[in-house]
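The values are calculated or read from the model by the stated rules, or taken from the named source; none is laboratory data. A quick note: this is a predicted structure, and the numbers were derived from the prediction, not measured. The accessibility values were calculated without ligands, DNA or RNA, using every heavy atom of the protein model including side chains. Shrake-Rupley method; radii C 1.70, N 1.55, O 1.52, S 1.80 Å.
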Amino acid sequence: VRWMMYWIVFALFMATETVTDIFLPWLPFYYEVKMAFVVWLLSPYTRGASLLYRKFVHPTLSRKEKEIDACIVQARERGYEAVVHFGKRGLNIAATAAVQAAAKSQGALAGRLRSFSMQDLRSVPDE
């Protein structure tokens with residue numbers, strides 16, 4: 001549970017860091033403060049990740065649980081629809097390519113089949 005709390009808080013930190021690294025690196029000791037924050041999160045003595053998780057993350061997730069579940073269901077439905085849509089599209093493209101390849105090679109195939117006419121087959125002994 002402790003590591004789950006750490007990784008959730010750390011993931012949120014990394015997401016916010018992506019934005020703050022654009023605007024705040026000019027502050028003195030910015031990178032040192034970030035490193036100290038990560039050590040504080042990770043330290044078993046300070047239990048920073050547990051503190052932040054219990055104070056902020058868990059209450060927010062608890063309040064938004066129904067909305068999160070609805071978004072998950074909606075994403076699942078959209079994902080299924082997207083797989084079906086792109087699957088149909090891919091099959092149509094593959095079928096079109098196969099038909100075009102068959103049409104292009106039909107002349108060569110007909111030439112090869114002509115060499116096996118019934119007259120040629122009658123001349124072959126029955127053995």
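Things to note:
- Theoretical gain in end-to-end length, A11 to K55 [0.36 nm per residue, Cα-Cα removed]: 14.2 nm
- Heavy-atom accessible area ranking, 1.4 Å probe, most first, across F10, F29, F37: F29, F37, F10
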